[in-house]
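What follows is one structure encoded as structure tokens, with my remarks underneath.
Coordinate-derived values only; no laboratory data. Bear in mind that the values here come from a model prediction, so they are computed numbers and not experimental data. Reconstructed Cβ throughout: ideal geometry from the backbone, glycine too, with neighbour counts over all protein chains shown.
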Amino acid sequence: MPAGVDFGPLPARKKGRRNELQRPFSFVGRHRADRPYGKAEPERMNLVQLNNIDHAELRITPRAGAAFGDAANQALIFPAEFEQVQREFAIVFRRRDEGMQAYALLGLDRDENLFLADDHWTSRYVPASHQRGPFSIGIVRAPGDAIDEPMLQVDLDDLRVGEDAGLLLFLEHGGNTPYLDHVTGVLRLLYEGMNTAPAAYAALDEAGLLTPVTLTVDVSEERRYTIPDVLVVDIEQMAALTGDPLERLHASGVLRLAILAAASLGNIQQLIARKQPLLNQFG
């Protein structure tokens, strides 16, 4: 019998919440920085549950590009990756219908990722939502079983699937290759993040550490971008924390998230530095 790829023990999915990992992260907006952000339409996919029998010879070619959703000016991120993200990208928060969410800023114009060059990212770290390639998580429940089990799915219609020069997913005797272990780790981060992020962001909000702003980015004397409807960490409010609120945020790890997010805003200068040569080239 084919053995599906599971994720081991994972936090229980909260009742009534849709699992967004069963489809592409299409809720990441791709828009000009000075226009409202919205939701992209979900893509059609041919999803199958991955197993080491039917897919023993299946190969994947990891690559990036606009065709794979990487031409976006923001990327959804989760708490477990804040440390890596803040080294490269500015972190902002947005209120969505689903609740508070965190994003890494990638560009200033619509469909612009200033960290994307041809078929690869130029940043040292790639947000997990863009590392997962043609893979996603499907929730499986066996007959008579009350527990949902997350299993790895692959989109067979994805252009990165099936190329002869690609990477194998399974070893000769059925074990996972290092690449598949990496993909499994990325999807675990995303799955767990969707369960843990709401409480962490709510704690930031309730502590008064998130303040709404409109970011103004001056790329040149003639070109200014505004990024509306975002929230950033209020450094003064964070510095004023004392007593029990400070201890609770520190003990839960939420204070560290606030510090990382606040420090990340200096990376807006990275966006400017990457944008200026394009303006000089194309006007």
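Observations, loosely collected:
- Euclidean distance between Cα centres, the stretch 211-283 to the stretch 113-178, Å: 31 Å
- Taking packing as the residue-averaged number of other Cβ atoms within 10 angstrom, the listed peptides 87-96, 213-222 run from highest to lowest as 87-96, 213-222.
- Net +/- balance of residues flanking GLU57 in space, Cβ distance below 11 Å, scoring K and R +1, D and E -1: -2
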